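Visitor: Here it is, the structure in full.
The values are calculated or read from the model by the stated rules, or taken from the named source; none is laboratory data. These figures come from a predicted structure and were not determined experimentally. Every residue, glycine among them, receives a Cβ derived from its backbone with ideal geometry; neighbour counts consider all protein chains shown. When the accessible area is computed, the model is the full protein with side chains, heavy atoms only, and any ligands, DNA or RNA have been set aside. Shrake-Rupley method; radii C 1.70, N 1.55, O 1.52, S 1.80 Å.
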Amino acid sequence: MPSDLVFRSMTIADIPFIVAIEHEAFATPWTPEAFKNELTSNMFARYMVMEHDGQIIGYGGMWVIVDEAHVTNIAVRADHRGQGLGERLLTELQRTAAFFGANKMTLEVRVSNEVAQGLYRKLGFKPSGIRPAYYSDNNEDALIMWADLNFYQPAAEEQEW
Ligand SMILES: CC(C)(COP(=O)(O)OP(=O)(O)OC[C@H]1O[C@@H](n2cnc3c(N)ncnc32)[C@H](O)[C@@H]1OP(=O)(O)O)[C@@H](O)C(=O)NCCC(=O)NCCS
C-alpha cells in the first residue's frame, strides 16, 4: 500500500475524476450534477478524496447529521483495490465523522457486494436490516449496516508527541 496518501476535501474541480471512478465502480453512477449539488447545496454533506502522487485513487462521502453519519458512497479506483486503501479511506471517514460529532455511522450495501461488506464488518459495521428492492437497476435489496464510532482509539504512534 502507498504510504504517502493525502486525504482532503473534495472540490468542484475534482468532479470529472470522481465521476470516472464512479462509472467503473457502480451500476448506476452519480452524475456530475449530483456531486456538484452535494458540494454546493447540502450543508450536511462531507466528501473526501484520497490521493497518491497527485492522483485521486478513491473517494467517499457522507451526511453528518447531529450525532449520526450516513455514508452515501465510497469507492477505490479499480486498479488500486485489494491493497488496504478502502480500509484507510473508510477509517478516515469514520475519524472525520467523529470529529464532526457523530458517534455512529450507517450505510446501505447491496446484499451481493461481499467485498464491501467484508470491509464494513472489519471496521465495526453490523447488519441491522434490509431495505427491499432498494437498487433500481436490478431491484436488489440493500443491507443496512451500523457502526459505533466510539471504538476509535489512536494508534500507538499517534499518541507519541
Ligand atoms: C469496496 C471497496 C471500496 C473496498 O476497497 P479496497 O481498497 O479494495 O479494500 P481493502 O483492500 O482496503 O480491503 C479491506 C477489506 O475488504 C474486503 N475485501 C477487499 N477485497 C476483497 C476481495 N477481493 N474479496 C473479498 N473481500 C475483499 C476484505 O474484508 C478486506 O479486508 P482483509 O484484507 O483484511 O481481508 C472497493 O472494492 C470498491 O471501490 N468497490 C466498488 C465500489 C463499491 O462497491 N463501493 C461500496 C458500495 S456500498
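Visitor: Once the Cβ-Cβ distance between S3 and A133 is put in as r, and R0 is 35 Å, what FRET efficiency do you end up with, to the nearest 0.05? If you can, show how the numbers build up before the last one.
Guide: Values: r = 42 Å, r/R0 = 1.21.
The computed FRET efficiency comes out at 0.25.
Visitor: Give the accessible surface of the range 1-80 per residue, rounded to a whole number of Å², with probe radius 1.4 Å and ligands, DNA and RNA excluded.
Guide: On the way: 4120 Å² over 80 residues.
Normalised by residue count, the accessible surface of the range 1-80 is 52 Å².
Visitor: Also: Need one number: nm distance between label points at T11 and N42, each 7 Å from Cα along Cα→Cβ, rounded to one decimal.
Guide: Simple spin-label model gives 2.1 nm for this pair.
Visitor: So how much slack lies between V19 and Q83, counting 0.36 nm per residue of separation and subtracting their Cα-Cα distance, in nm?
Guide: Contour length minus the Cα-Cα distance gives 20.9 nm.
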